[in-house]
Amino acid sequence: MTRTRQILVINGGSSSIKFALIRDDQPEAVLTGLAERLGTAEARLRWTGNGSTAEQAIAGADHARALATLLPLVEAAAAGGLTGIGHRVVHGGERFSGACRLTPETLAAIRATSPLAPLHNPANLLGIEAAMAVFPSLPHVAVFDTAFHQTLPARAYRYALPEFLYQEHGVRRYGFHGTSHRYVSQQAIARSGLAEAGSGWLCAHLGNGASTCAIADGRSVDTSMGLTPLEGLVMGTRSGDVDPNLHGHLARTLGWSLPEIDRLLNHESGLLGLSGGLSNDMRTLEQARADGHAGATLAVEVFCYRLAKSLAAMSCALPRLDGLIFTGGIGENSALVRERTVAQLHLLGLRLDAAANARCIRGEQGRIDNGSPSPQIWVIATNEERQIALDTLAVLAATP
Ligand code: AMP
């Protein structure tokens with residue numbers, strides 16, 4: 001009899017820890033939860049398992065205390081059978097093209113990558129260090145958002161900047177959401193009935209953060225995010241691409257500092273900025289658009305046009321186009337965004353089936369194109385936690 005293997009997946013933020021207990025033999029997590037507002041008097045732990053949700057105040061708890069509090073929950077849910085811990089790490093730089101076992105050497109390499117992701121990697125490391133202290137006898141594995149994109153060719157990852165910035169300072173395009181792009185593209189290839197060899201797929205991960213990816217032979221060959229997750233598409237509060245001279249222009253004309261410009265581009269722009277400050281949430285914008293709100297209408301139009309342009313650009317990297325995948329909160333739920341986007345991609349031969357598109361919301365997945373000879377179009381729910389658990393198991397199998 002083969003034994004079920006269970007992995008605790010941890011996604012550490014600066015003041016939060018998201019976790020999920022994944023069994024290798026079932027698609028849904030056994031237990032999911034979030035410890036948030038860590039380090040404050042309002043710190044709380046919330047979890048869902050066995051169909052019910054519970055909550056506990058953990059006033060003043062840091063990452064280690066939050067993990068110590070959830071340890072008995074995880075052990076009860078896993079019935080003593082935890083195989084290992086998989087950690088999401090945002091940036092692996094050029095050092096990591098796949099998941100790796102956490103050792104003093106790999107931890108030091110992740111720490112050395114922190115200047116490339118100053119908000120994310122130190123926060124991920126907080127979660128890792130706390131988890132290694134609370135679960136000292138279990139193996140720990142890091143799975144990187146950037147790793148899937150390490151197959152990009154130089155023509156896709158180099159900026160047109162002086163070479164020393166790349167050679168000495170790592171200034172290049174890295175790409176993010178790799179775990180999601182990999183998971184849904186593997187699902188699409190498996191469900192499509194088409195061979196992976198010679199295949200070409202486009203993928204749109206559309207959540208609060210959003211990116212596109214071109215996948216040839218199952219490998220990432222281009223993606224819309226760059227050195228940081230700000231490049232590319234319009235996102236919830238992130239601007240995506242702007243003229244690089246905007247920084248100098250705002251500094252000269254408004255006297256803004258770099259932190260002020262960073263805040264503008266990362267937290268006050270995107271759908272929120274375009275909608276005149278109404279919302280960064282696509283559900284709210286769709287409703288307001290239906291009610292005739294001009295800012296919401298513009299935000300949806302710009303979002304879809306920029307997405308279509310990015311997908312068309314990504315198609316340059318593919319040998320042929322087998323299909324397009326929508327995923328993420330917006331990609332999995334917004335028939336409107338899918339319809340407006342695909343309508344602007346008719347030159348790629350993409351055609352939607354309106355009824356199938358309307359049906360694929362709230363967890364409903366499937367194929368939504370109108371049949372051959374058009375390339376396939378799929379709505380596939382992403383499951384980054386499961387991919388992290390599977391990668392963790394693969395690393396443990398390779399390095400027992
Ligand atoms: P994520 O970051 O993947 O959780 O995605 C968050 C985004 O998905 C937000 O913009 C939500 O408004 C959007 N979203 C979730 N459900 C729906 C829905 N039913 N219709 C439109 N957008 C949705």
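With neighbours defined as other Cβ atoms within 10 Å of a residue's Cβ, the residues ARG338, ARG283, ARG386 order from fewest to most as ARG283, ARG386, ARG338. Computed from the C-beta positions of SER137 and TYR159, the FRET efficiency with R₀ = 45 Å rounds to 0.50.
Counting DSSP beta bridges in the chain, what percent are antiparallel, to the nearest 5? In the chain, DSSP labels about 70 percent of beta bridges as antiparallel.
Helix content alone sets the calculated 222 nm mean residue ellipticity of the chain: runs of n ≥ 4 DSSP H residues at -39500 (n - 2.57) each, divided across all residues, give -11500 deg cm²/dmol.
Of interest is the spacing of the C-alpha centroids, which for segment 111-133 and segment 295-312 amounts to 34 Å. Summarising the amide proton neighbourhood of ASP241: residues at separation of 5 or more, or on other chains, whose placed amide H is nearer than 5 Å comprise GLY232, LEU233. Around the amide H of VAL90, modelled in the peptide plane, lie the amide H atoms of ASP145, all under 5 Å away and 5 or more residues distant in sequence or on another chain.
When each of PHE144, PHE135 is scored by the number of other beta-carbon atoms lying within 10 Å, the sequence from fewest to most is PHE135, PHE144. Only residues of segment 196-218 count here: report those whose backbone N is under 20 Å from the spot 7 Å along Cα→Cβ of TYR305, or say none. In segment 196-218, the label zone of TYR305 (backbone N under 20 Å from the point 7 Å along Cα→Cβ) covers 210-212. What the phi angles of segment 300-311 give under the Karplus curve with 6.51, -1.76 and 1.60, with θ = phi - 60°, is a coupling list of 5, 5, 5, 4, 6, 5, 5, 5, 4, 4, 5, 5 Hz, glycine and proline written as x.
Figure legend: label point modelled 7 angstrom from the Cα of SER97 along Cα→Cβ; residues of segment 201-242 with amide N under 16 Å from it are 216-222. Under the combined filter of DSSP loop state and at most 15 neighbouring Cβ atoms within 10 Å, segment 1-82 retains these GluC sites (Glu not before Pro): GLU28, GLU42.
A straight chain from GLN186 to LEU258 at 0.36 nm per residue would run longer than the Cα-Cα distance by 21.9 nm.
Values quoted throughout were computed directly from the atomic coordinates according to the rules given, and no laboratory measurement underlies them. Keep in mind that what you see is a predicted model, and the values were worked out from it rather than measured. No Cβ is skipped: glycine too gets one built from the backbone with ideal geometry, and neighbour counts run over all protein chains shown.
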